[in-house]
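The structure appears right after this line, and notes come after that.
The values are calculated or read from the model by the stated rules, or taken from the named source; none is laboratory data. Keep in mind that what you see is a predicted model, and the values were worked out from it rather than measured. Because the Cβ atoms are built from the backbone with ideal geometry, glycine has one as well, and the counts that use them run over all protein chains shown.
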Amino acid sequence: MFQPEKVTTPLHPEPWVSVIILNYNGAAWLECCLRSLRAQTIFDQIEVIVADNASPDNSDRLAADLMRDWPNACVVQHGENLGFCEGNNRAAAQARGKWLFFLNNDVWLESDCLETLVRETEAANAQAACPLVMDYDSQAFQSLGAAGFDLFGLASTRKFHQQTRRVFMPEGCAYLIRADVFRNLRGFDAEFFMFSDEYDLSWRLWVAGYAAVAVPSAKMHHRGAAQVNPAGGGTVVEFRTSDRKRFYANRNGLLLLLKNAQGPLLVLAGMQLLYLLVEGLLWALLLRRWSFFRRAYWEAGIDLWRLRAHIRAERRYLGALRARGDLWMLRFLRLRLNRWDEMLRIRRMGLPRVTGG
């Protein structure tokens, strides 16, 4: 396997922003993503780390070639698929910037995105943020952070707003966080592997006394679900998921509540568990495939039980950092249900195509 080294000698000993791109089979997306970073107005104040999870498509070599003459750029080859969380954590351990910007590979940034995002975040005295996220091939609104969580403890739907304002959860595809805060929170939870990782980090961020904002004047474009749902190029043309994706989403939604809720909000875990039971049985009937319920729902619950010691340890650690309790966190409770947007997608595209991978 290709083992890329540091591409250039750094020009700036302490970059303002470290951009971390966790890559797996991103050959179709990396060139556009990296070229948009090269065009940033603060390019001379950033470092770029492409962290590769042993991609078989040689996209690590592509990234190294594209960044060969860049200052402050490197490719880190993990040698195995560590998942989103641990892959980003290991890259972040090497980052030298005041801010960390975790970026998906299926995105491209408008030229002043990074400068606007960081300046607005600092002006708001926040410690985490995300830009306005639009569709990959158009200016159509996609997301701008989650305002809170619903009655089942799931992240609430996204809404557009004109001014920088606080949000409960910045978007995981473009998550900005101050480096010292990220390390104080011990980064992403490696047990999540992928999905709901930004939700978990954001809950811990708020509980520990920090704040997050969404910055609509900073703009980027995102394909979304490029690995799970590749059809259509830059445009999503079908609703598609997999047993594996649903397994992590279902397990991790419960895991973050059991880790982070202090007391009263733990009731959301019970409500979510009941909801997932009904949802899983309904999907099994609609799809006529009981293995989907077993793999994506039942086994998620079994694996959650396996993590009970991890949950206890995480609760103890967060308890030492806790500056806000559940009553304070109730301000983020929203009545609009997380699954509403999914119902609209089904109405538009039909039932999802579910694969076993």
Legend entry - Breaking point among (1) more than 27 Å from GLY209 (Cβ to Cβ); (2) in contact with a helix residue (DSSP H, G or I) (Cβ under 6 Å, 6 or more places away or on another chain); (3) not aliphatic (A, V, I, L, M), for GLU342: (2)
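Looking only at the range 286-306, filter to residues that are of a type in the set (A, V, I, L, M) and modelled with pLDDT of 90 or more; which one of those is surrounded by the most Cβ atoms within 10 Å (Cβ to Cβ)? Working first, answer last.
Our first condition is that a residue be of a type in the set (A, V, I, L, M); within the range 286-306, this holds for 286-287, 296, 300, 302, 304.
The next check asks that each one be modelled with pLDDT of 90 or more; those that pass are 296, 300, 302, 304.
Values: ALA296: 27, ALA300: 22, ILE302: 10, LEU304: 19.
Of everything passing the filter in the range 286-306, ALA296 is surrounded by the most Cβ atoms within 10 Å (Cβ to Cβ).
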Legend entry - Qualifying position, being within 28 Å of GLU110 (Cα to Cα), of a type outside the set (Val, Ile, Thr), at pLDDT below 95 and surrounded by 20 or more Cβ atoms within 10 Å (Cβ to Cβ), among ARG158, ARG223: ARG223
Legend entry - Which numbered condition ARG316 fails, given (1) loosely packed, with under 15 Cβ neighbours inside 10 Å; (2) within 24 Å of THR241 (Cβ to Cβ): (2)
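If the requirement is being under 15 Å from ASP189 (Cβ atoms) and either crowded, with 22+ Cβ neighbours inside 10 Å or touching a residue at least 12 places away in the same chain (Cβ under 8 Å) (or both), which of these qualifies: GLY263, GLY280, GLY253? Let's see the steps before the verdict.
Numbers: GLY263 fails: under 15 Å from ASP189 (Cβ atoms); GLY280 fails: under 15 Å from ASP189 (Cβ atoms).
Selected residue: GLY253, the only one of GLY263, GLY280, GLY253 that is under 15 Å from ASP189 (Cβ atoms) and either crowded, with 22+ Cβ neighbours inside 10 Å or touching a residue at least 12 places away in the same chain (Cβ under 8 Å) (or both).
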Legend entry - Selection status of GLU198, in a loop (DSSP other than H, G, I, E, B) and buried (at least 20 other Cβ atoms within 10 Å of the Cβ): no
Legend entry - From the options LEU277, LEU281, LEU285, LEU304, residue that is in a helix (DSSP H, G or I), closer than 16 Å to GLY253 by Cβ, assigned by TED's automatic domain parsing to the domain that holds LEU256 and out of contact with any Lys or Arg (no Cβ under 9 Å at 6 or more places or on another chain): LEU277
